[in-house]
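Visitor: First the structure, which I've put down as structure tokens, then a few questions once you've had a look.
Bear in mind that the values in this text are calculations on the coordinates, not laboratory data. Computed from a prediction, not measured in an experiment: that's the story for all the values here. Here the Cβ positions follow ideal geometry from the backbone for every residue, glycine too, while neighbour counts run over all protein chains shown.
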């Protein structure tokens, strides 16, 4: 089956006064129709820049210097401005980090919905509001109460649900969610994650969920891609990643995730700290923090290699790695 | 039983918003009673806006409660003389979530760390201060110290900065530290290392910790066999041994909170079902519900819950503030 999204060897560089920062450094990933793919990484791992690239929206001074992005058979990086305007939101929509705090404060929700639809060529007021109402119900909001409200009249959790409804307004095939629950309380977070699962059931769209939190991944993802220092270092399905991880960084992330259950003695931090992306370590970028590192790791950059069952891992010593 | 180092007795804290006569009032802490023993580790857990930070600030004397008492080693801190108060403030330190905001950006690490040492005359001169600061950095795992002494805060990573902030708190040889969300802005791979460091400071120097967090999982990691206090909208709702309280929560709010916490294990995560709440919306703190502040969201609430404020009372080896505690159905994570 052909993937819905295929990103190959993507590199995004930011030219800074200190030097060139490779936020994304040869990252590859495939997302299939209707699946929830979690893209996991710490701050600075490049996951947000990776997501911006999918929309061809990398903010300056960043630029995509190499790689290919194919979405549903189209080459995203060669689309014209006009084509991009149709591609964004209609094909791929994104819920940006902290978007619930970035709504226009002087516009009622209904007008924000209409504004979005009109900017993308959908003009029938009645149709747009009808679809908006359907989507608001899907995120468990009562349209009659919400459509005429201003953003400040809604709670943070309600605003985030409005944003999710808004992102779905043009029936995208894929939804990118960047840390969608980070600023929310635990109870609201659980509720929003349940709503996302329902939406996925009802609409069957693909989701790319960016997060640093392995607990959120465990709850919602079908497959998981782990990013480190601008590279995708492991991709597998949810069970493989959590119970049979093959990249030492994935293992580290699972062991560093505190939990309400299980033995606390099994938990430990990853030693060292994330690399400086302007002067990354030679060879595998994870080697200075890795228990399995050998001389080869210090010299040769490991490439993403298939290891069976659609799994890929970028580690010279993956056969020795176990949880 | 060890002596109490900090004890709160029916502490109330009301903030006035606005000015003149029209300002709304927020009662951020309602009749809170809590004590921390010498060398103890206690986690104070609650969602944002529940008053946990206010309670932490009251414990270190940064806020004076509207009523009630704060005792340090049995002595009311707001009735202390000047030198007693100064000694108490040296012994009770606080560190905050945002380590960048906590350090002066135009001062080097050495300058930031030597100032309190010189102020409290814990060192004789600058020469000695430099040695002492280097020793502190070493203790915090910032090695070699010479690499850090003359750096500015922006040159360090979040984890390193939080270690510097901890070094400054520890430099005065306190007996008690309030750590307010110390790891929530730190990379996930490094969070446990900061908690491990705090744990070591507790074990080696007997420093008592109040760990304030919204995250039950890090609370469990840090506190281990210690105690937890759970707060909701200004009220303490359940306190006790962490393992016991998390393993068998009795307060309906704690049950709901635990059912909402995700776990990093897909098989477990997908069989865990949230407890139905009657409402998801957090009430307006300027107009809180009467009686038990949780009652509008509580699936078990009865008439009495809207009328009377429940107080903490012993039950099943812990303290719980719920009128219906005996009748709340048992609840487990799975």
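Visitor: Compute the long axis of helix A:186-203 from its Cα atoms, compare it with the longest principal axis of the Cα atoms of chain A, and write down the angle in degrees, 0 to 90, nearest 10.
Guide: Relative to chain A, helix A:186-203 is tipped by roughly 80 degrees.
Visitor: May I pose another question? So for B:31, A:90, fewest C-beta neighbours within 10 Å to most, what's the order?
Guide: If I rank by nearby Cβ atoms, fewest first, I get A:90, B:31.
Visitor: For the pair residue B:316 and residue B:66, how long in nm is the line joining their label points, each one 7 Å along Cα→Cβ?
Guide: 3.2
Visitor: At residue A:33 and residue A:17, where each label point lies 7 Å from the Cα along Cα→Cβ, what is the point-to-point distance in nanometres?
Guide: In this crude spin-label approximation the distance works out to 5.1 nm.
Visitor: Work out, step by step, the length gained on full extension between residue B:154 and residue B:128: first 0.36 nm times the residue separation, then minus their alpha carbon distance; give nm to one decimal.
Guide: Numbers: separation 26, 0.36 × 26 = 9.36 nm, distance 2.59 nm.
Extending this stretch completely gives an extra 6.8 nm.
Visitor: How many Cβ atoms of partner chains, on average, are near each residue of A:263-271 if near means within 10 Å of its Cβ?
Guide: 4
Visitor: In addition: Any chance you could check the Cα centroid distance between segment A:285-313 and segment A:53-92 for me, in angstrom?
Guide: After rounding, the separation between the Cα centres reads 30 Å.
Visitor: Turning to a different aspect of this structure: Could you work out the relative contact order of chain B? I mean the mean sequence separation of Cα pairs under 8 Å and 6+ apart, divided by the number of residues, in percent.
Guide: 19
Visitor: Additional query: When the Cα centres of segment B:166-199 and segment A:110-141 are compared, how far apart do they sit, in Å?
Guide: About 47 Å separates the Cα centre of segment B:166-199 from the one of segment A:110-141.
Visitor: OK, next. Please state the shape class of segment B:275-316: rounded when a/c is under 1.5, otherwise prolate if a/b exceeds b/c and oblate if not, all from the C-alpha gyration tensor.
Guide: oblate
Visitor: Also: Using label points projected 7 Å from each Cα along Cα→Cβ, tell me how many nm separate residue A:78 and residue A:239, to one decimal.
Guide: Taking the two extended label points, one gets 4.1 nm.
Visitor: Return A:214, B:59, B:13 ranked ascending by Cβ neighbour count within 10 Å, so the fewest neighbours appear first.
Guide: Starting with the residue having the fewest Cβ neighbours, the order is B:13, B:59, A:214.
Visitor: What is the helix-to-structure angle for A:109-119, meaning the angle in degrees between its Cα long axis and the longest Cα principal axis of chain A, kept from 0 to 90 and rounded to the nearest 10?
Guide: The angle comes out near 80 degrees.
Visitor: Still on this structure, please answer the following. For segment A:1-98, what relative contact order do you get, as a whole percent, if you take Cα pairs closer than 8 Å and at least 6 residues apart?
Guide: Worked out over segment A:1-98, it gives 32 percent.
Visitor: How would B:152, A:249, A:87 line up from fewest to most surrounding beta-carbon atoms within 10 angstrom?
Guide: By the 10 Å Cβ count, ascending: B:152, A:87, A:249.
Visitor: Also: Considering Cα pairs under 8 angstrom that are at least six residues apart, work out the relative contact order of segment A:107-171 and quote it in whole percent.
Guide: Relative contact order here is 45 percent.
Visitor: Taking the Cβ-Cβ separation of residue A:203 and residue A:182 as r and a Förster radius of 25 Å, what is the calculated FRET efficiency to the nearest 0.05?
Guide: Between residue A:203 and residue A:182 the formula returns 0.60.
Visitor: For a test of the definition: using alpha carbon positions, the gyration tensor, and the 1.5 limit on a/c, classify the protein assembly as shown as rounded, prolate or oblate.
Guide: Details: a/c = 1.76, a/b = 1.23, b/c = 1.43.
Oblate is the answer for the protein assembly as shown, as a/c is 1.5 or above yet b/c matches or exceeds a/b.
Visitor: How much length is gained on full extension from residue B:279 to residue B:87, taking 0.36 nm per residue of separation minus their Cα-Cα distance?
Guide: Roughly 64.5 nm would be gained on extension.
Visitor: Could you tell me what percent of the DSSP beta bridges with both partners in the protein assembly as shown are antiparallel, to the nearest 5?
Guide: Percent antiparallel among DSSP bridges in the protein assembly as shown is about 60.
Visitor: Which part of segment A:162-189 falls in the paramagnetic zone of residue A:222, meaning amide N under 15 Å from the point 7 Å along Cα-to-beta-carbon?
Guide: A:173-176
Visitor: Where does segment A:107-171 land on Rg(C-alpha)/(2.2 N^0.38 Å)?
Guide: Normalised by 2.2 N^0.38 Å, the Cα Rg of segment A:107-171 equals 0.99.
Visitor: Here is a further query. Can you give the angle from 0 to 90° between the axis of helix A:125-138 and the longest principal axis of chain A, with both taken from C-alpha atoms, to the nearest 10?
Guide: For A:125-138 against chain A, the angle is about 50 degrees.
Visitor: Stretch residue B:80-residue B:16 to full length: gain in nm at 0.36 nm per residue minus the Cα-Cα span?
Guide: 20.4 nm
Visitor: Then there's this: Just check segment B:100-155 against the gyration tensor rule for me: Cα atoms, a ≥ b ≥ c as the square roots of the eigenvalues, rounded for a/c under 1.5, and otherwise prolate or oblate depending on whether a/b exceeds b/c.
Guide: oblate
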